[in-house]
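Trainee: Once you've had a glance at the structure underneath, I'll fire off some questions.
The values are calculated or read from the model by the stated rules, or taken from the named source; none is laboratory data. Values in this document were obtained by computation on a predicted structure and should not be read as measured data. Here the Cβ positions follow ideal geometry from the backbone for every residue, glycine too, while neighbour counts run over all protein chains shown. All accessible areas refer to the heavy atoms of the entire protein, side chains included, with ligands and DNA or RNA removed. Shrake-Rupley method; radii C 1.70, N 1.55, O 1.52, S 1.80 Å.
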Amino acid sequence: MPQQTPELDTLIDAMAALLDLEIEPEYRPGIVTNLGIAIRFAVLLRDAPLDDRDEPAPVFRP
């Protein structure tokens, strides 16, 4: 589980202000956990190796 840091608190507060949301203190640990998971997924995608010939698929087919 990610640790709550001043940087995460600042990010959460900024996003809440942008969305005009009030965050109850008891919800903050869950938000920190969810944000930590999202950051880990973003890092995996950012670091995925791509070849110069890789292109996006023209149509998404699950």
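Trainee: Do you know which residues across segment 1-19 are open to solvent by less than 80 Å² (accessible area, probe 1.4 Å) and in contact (Cβ under 8 Å) with a residue 24 or more places away in the chain?
Mentor: P2, L8, L11
Trainee: Something else about it: Of the conditions (1) in a helix (DSSP H, G or I); (2) surrounded by 10 or more Cβ atoms within 10 Å (Cβ to Cβ), L45 satisfies every one except a single condition; which number is it?
Mentor: Among (1) in a helix (DSSP H, G or I); (2) surrounded by 10 or more Cβ atoms within 10 Å (Cβ to Cβ), L45 violates only (2).
Trainee: Something else about it: Within segment 6-26, track down each residue that is among the charged types (D, E, K, R) and closer than 17 Å to I39 by Cα. Let's see the steps before the verdict.
Mentor: Looking only at segment 6-26, we keep the residues that are among the charged types (D, E, K, R), and these are 7, 9, 13, 20, 22, 24, 26.
Of everything in segment 6-26, those that are among the charged types (D, E, K, R) and closer than 17 Å to I39 by Cα turn out to be E7, D9, D13.
Trainee: Sticking with this structure for a sec: Condition test on E22, is it surrounded by fewer than 10 Cβ atoms within 10 Å (Cβ to Cβ), over 16 Å from the mean Cα position of the chain (by Cα) and modelled with pLDDT of 90 or more?
Mentor: Numbers: surrounded by fewer than 10 Cβ atoms within 10 Å (Cβ to Cβ): yes; over 16 Å from the mean Cα position of the chain (by Cα): yes; modelled with pLDDT of 90 or more: yes.
Yes: the conditions hold for E22.
Trainee: Give me the pairs: first residue in segment 33-62 and among the β-branched types (V, I, T), second residue open to solvent by 100 Å² or more (accessible area, probe 1.4 Å), beta-carbon distance under 9 Å, and six or more apart or on different chains, which are they?
Mentor: Hits for this filter: T33/M1.
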